[in-house]
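The values are calculated or read from the model by the stated rules, or taken from the named source; none is laboratory data. Fair warning: this is a prediction, and the values are worked out from it, not measured in the lab. Cβ atoms come from the backbone with ideal geometry, glycine included; neighbour counts cover every protein chain shown. Quick note on the areas: whole protein, heavy atoms, side chains included, nothing else; ligands and nucleic acids left out. Shrake-Rupley method; radii C 1.70, N 1.55, O 1.52, S 1.80 Å.
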Amino acid sequence: MTEAPKPDDVAAVQRCERAYNKLRDELAKVIVGQNDVIEQTLIAMFARGHALLEGVPGLAKTLLISSLAKSLHLTFKRIQFTPDLMPSDVTGTEVIQEDPQTRERKYKFLPGPLFANLLLADEINRTPPKTQAAMLEAMQERQVSAGGSVHALPAPFFVLATQNPLEQEGTYPLPEAQLDRFLLYIKVDYPSGAEEWDIARRITSGQSGEIAACMTGDEIVEMQKLVTRVPVSDQVLGYAWALVRASRPGQKEAPDFVNKWVNWGAGPRGVLTLITAAKARAILYGRYHATVADVQAVAKPALRHRIASNYAAQANGINSEKLIEMLMQAIPADKKYEKPAA
């Protein structure tokens, strides 16, 4: 059983739904389509996580993120990652400054572009692991250490990273442990025929509109707190738990195809991501409870970077996307799940 929602929380959920609809209307002024990408990006934000967007060039990934920053009234910085980028270029560095009065010299920290509410890490797989690690540490701890001092990052703080799946030369693919730090792994696909027609008509005729800010950083922080209060029934929690348990080869819950085609499955962070993202999606649609349908809607972006297919699966054209689909078919959504005995 779940507790009855408080009146203030019900009103907050209704405000969140209205804000989400307003955000979509504002983004539609410059972005054609990409409704699933927009929804998943906002889910990551309200769930207080970061997202990795992957797609071929020209799919408006950068435009989407910069437009989102305008609509949310957040400070926005962009880093174009290159092979020669150093960690201090991202986090900031200490410089020696001389006091004009006392002539005393002392170190002063100059914040890097990481100190923004919304950071676009463009082509994150083009920078060396040392720089990747420095940024991903800040993502996890939400602070930067320099010269023995700790500098807190602003709140809210989101990293939306992009990578190009086509070019692999001169890149540094993110290790699986670092991929796991991203709450969602969002695939940006080609637009439909009608959407591409509208894109060509709108851009070539100069019909793009101006985006107005419709949500502040403080409101986003409140929504993040609201997500933590959204109740989850044992049925929904059990379904997410069962999906993740079944993704691990060698476990008693694993179906035969998992033992045959999966190299390793999702860790405990997979369950946390499914539940948190499902709760965030629920409030976007004006509901104060998460459902199994919410878990299913976020399953692919939540698990595609946490399940690795083996060589046999790849030889048969079975990737993590297909494995997640097979898992959702194998795990019954209407089964009554209970906490197992210790």
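Between LEU174, LEU114, LEU160, the GNM of the chain built on Cα springs shorter than 10 angstrom shows LEU174 fluctuating the most.
Of the listed peptides 266-279, 318-331, 38-51, 126-139, what is their order by residue-averaged count of other C-beta atoms within 10 Å, with the highest listed first?
Highest mean packing first, the order is 38-51, 266-279, 126-139, 318-331.
Treat every Asp and Glu Cβ in the range 183-342 as -1 and every Lys and Arg Cβ as +1, leave all other atoms uncharged, and give the resulting dipole magnitude about the Cα centre to the nearest 20 debye. List each step's numbers first, then the result.
Details: 20 positive and 16 negative charges, 127 e Å.
Result for the range 183-342 is approximately 620 debye, rounded to the nearest 20.
Counting only protein heavy atoms and a 1.4 Å probe, the chain has 51 square angstrom of accessible area per residue.
Under a Cβ-only charge scheme (Lys and Arg +1, Asp and Glu -1), can you give me the dipole magnitude of the chain about the Cα centre, in debye to the nearest 20?
Working: 39 positive and 39 negative charges, 112 e Å.
Taking the Cα centre of the chain as origin, the dipole is about 540 debye.
Reported to the nearest whole Å, the Cα centre-to-centre distance from the range 1-79 to the range 202-250 is 8.
Centre-to-centre, using Cα atoms only, the range 137-166 and the range 277-334 are separated by 27 Å.
Where Rh denotes the Kirkwood radius from the mean inverse Cα pair distance, what is Rg over Rh for the range 127-191? A ratio of 1.02.
Helix 129-141 and the long axis of the chain differ in direction by around 80°, with both axes built from C-alpha atoms. The residue among GLY49, THR93, ILE275 whose Cα reaches farthest toward the positive pole of the charge dipole of the chain, with charges on the beta-carbon of Lys, Arg, Asp and Glu, is ILE275.
Ligands, DNA and RNA left out, the accessible area of the chain computed with a 1.4 Å probe is 51% carbon and sulfur. Taking only Cα atoms, what is the 0 to 90° angle, nearest 10, from helix 217-229's long axis to the longest principal axis of the chain? So the helix axis and the longest Cα principal axis differ by about 30 degrees. The mean of 1/r over all pairs of different alpha-carbon atoms in the range 249-342, once inverted, gives a Kirkwood hydrodynamic radius of 14.3 Å.
The shape of the chain can be summarised by an equivalent ellipsoid whose semi-axes, obtained from the alpha carbon gyration tensor, come to 34, 25, 24 Å from longest to shortest. Dipole check for the range 100-240: with +1 at the C-beta of Lys and Arg, -1 at the C-beta of Asp and Glu, and the Cα centre as origin, the magnitude is about 800 Debye.
Using the empirical formula 2.2 N^0.38 Å as the baseline, the Cα radius of gyration of the range 18-155 reaches a ratio of 1.24.
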